[in-house]
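Data block below; observations after.
The values are calculated or read from the model by the stated rules, or taken from the named source; none is laboratory data. In this text the structure is predicted, and so the values were computed from the model without any measurement. Positions of Cβ are generated from backbone atoms using ideal geometry, with glycine treated the same way; all protein chains shown enter the neighbour counts.
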Amino acid sequence: MIVRTAASGFTHPTSSDITSQAAYQSRREWMQRLALGAGGASLAAWAGGDALAQPATARPGKLAALSGARSSVAGAATPEALTRYEHASAYNNFYEFGTDKAEPAVNAKSLPTRPWTVAVEGLVSKPRSFDIDALLKLSAMEERIYRLRCVEGWSMVIPWVGYSLAALIKQVQPLGSAKYVELVTLADPKSMPGLRSNVLDWPYVEGLRLDEALHPLTLLAFGMYGEVLPNQNGAPLRLVVPWKYGFKSGKSLVKIRFTDKEPRTAWNVAAPQEYGFYSNVNPGVAHPRWSQATERRIGEEGGLLAKRRKTLMFNGYEPQVGQLYAGMDLSKFF
Ligand code: MTE
């Protein structure tokens, strides 16, 4: 189904995704609902209904805290058709559970997501550990419909539920010396068979500059499609940074550390010439082994034969985030 392009690199999808007429009709219905001004929660409900037609895996279900209202953050909605739930929850990158796209949905079933704590530490005035239930109540949940562009050249449109990472950052009060945020994800050999492979140095670590972490679009997500995050999508909480390649959005977070130095991130350590610290979506800067000018939208009619879309600068979020990189040479800071 997928072809490995390098021993330590990402994979390129070669499978065909053919979407049924029913899905097409549903999309049209969604567009009509959007035109009628349907609210975020009902959009999510619609997306769920569509997916229920052909469930791929057992769904974790609803959680009261996740009945998020539609977000008012600029850029947090798109009129594009949602990716179907069964694609978003069955075509995953979560190498701790295997490197094949279908493996996380199967292998992550046994991930224990309760109890769960997230340690927030480093250069902050008020370091503390948050229990997952406290995090669920920390700020009002919102639904945000974001494009997700993977560095491998495919994309999805996913309705996430969560709140800005900035709300959590405010609680711990970063010191003036804090310039970066390191995001560490779970590495549990008991529940994660992928850790037996040395494809990456575990744990999977990601990082952002503090101003990127504080940007309102940077989302701490607890749910998607109005439901609890499936384990394979990063339960019980993950990051979503929509203007960066998907690998910057670490799943199943356990630690957030504020530092004065650029964090060493998992993919950057594995292949520094291929995966930069910034990894902003940029159609003008090719990956050394493939172009980033276009992308394949997962689930789109025609599968691999479908016309590829043009990739947008900063994944289409340039009006919101472009100023963060003013004056930077983005081919150097890729
Ligand atoms: N987080 C962890 N912990 N491990 C991973 O392998 N893969 C990343 C990112 N977060 C990954 C991760 C990559 S490459 C992508 S494209 C997105 O998760 C995919 O998210 P999705 O499976 O929810 O679409």
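Filtered by the rule that a residue be surrounded by 16 or more Cβ atoms within 10 Å (Cβ to Cβ) and in a strand (DSSP E or B), region 122-142 gives Gly122, Val124, Phe130, Glu142. When region 189-229 is filtered for residues that are in contact with a Pro (Cβ under 8 Å, 6 or more places away or on another chain) and free of Cβ contacts under 8 Å to residues at least 24 places away in the same chain, only Arg196 remains.
Given the condition buried (at least 18 other Cβ atoms within 10 Å of the Cβ), away from the ligand (no atom under 16 Å from the Cβ) and under 24 Å from Lys170 (Cβ atoms), answer yes or no: does some residue in region 254-261 qualify? Scanning region 254-261, I find at least one residue that is buried (at least 18 other Cβ atoms within 10 Å of the Cβ), away from the ligand (no atom under 16 Å from the Cβ) and under 24 Å from Lys170 (Cβ atoms), so the answer is yes. When Glu152, Glu103 are screened for being surrounded by fewer than 22 Cβ atoms within 10 Å (Cβ to Cβ), within 14 Å of the ligand (Cβ to nearest atom) and at pLDDT 95 or above, only Glu103 passes.
One line per residue, one yes/no per condition, for (1) more than 17 Å from Val199 (Cβ to Cβ); (2) away from the ligand (no atom under 14 Å from the Cβ); (3) at pLDDT below 95; (4) of a type outside the set (Gly, Ala, Ser):
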{"site": "Leu239", "(1), (2), (3), (4)": "yes, no, no, yes"}
{"site": "Phe247", "(1), (2), (3), (4)": "no, no, no, yes"}
{"site": "Lys251", "(1), (2), (3), (4)": "no, no, no, yes"}
{"site": "Thr265", "(1), (2), (3), (4)": "no, no, no, yes"}
{"site": "Phe277", "(1), (2), (3), (4)": "yes, yes, no, yes"}
{"site": "Pro283", "(1), (2), (3), (4)": "yes, yes, no, yes"}
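Annotation: Tyr91 fulfils all but one of (1) within 16 Å of the ligand (Cβ to nearest atom); (2) buried (at least 18 other Cβ atoms within 10 Å of the Cβ); (3) part of a helix (DSSP H, G or I); the unmet one is (3).
Listed here are the residues, each with its yes/no results for (1) outside any loop (DSSP other than H, G, I, E, B); (2) within 16 Å of the ligand (Cβ to nearest atom).
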{"position": "Ala166", "(1), (2)": "yes, no"}
{"position": "Ala178", "(1), (2)": "no, no"}
{"position": "Leu183", "(1), (2)": "yes, yes"}
{"position": "Pro189", "(1), (2)": "no, yes"}
{"position": "Asn198", "(1), (2)": "no, yes"}
{"position": "Gly207", "(1), (2)": "yes, yes"}
{"position": "Ala221", "(1), (2)": "yes, yes"}
{"position": "Gln232", "(1), (2)": "yes, yes"}
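Annotation: of all residues in region 308-328 being surrounded by 15 or more Cβ atoms within 10 Å (Cβ to Cβ) and assigned to a loop (DSSP other than H, G, I, E, B), the one that is farthest from the chain's Cα centre (by Cα) is Arg308. Of the candidates Ala65, Ala76, Ala119, Ala81, the single residue that is among the small types (Gly, Ala, Ser), more than 11 Å from the ligand (Cβ to nearest atom), more than 17 Å from the chain's Cα centre (by Cα) and assigned to a loop (DSSP other than H, G, I, E, B) is Ala81.
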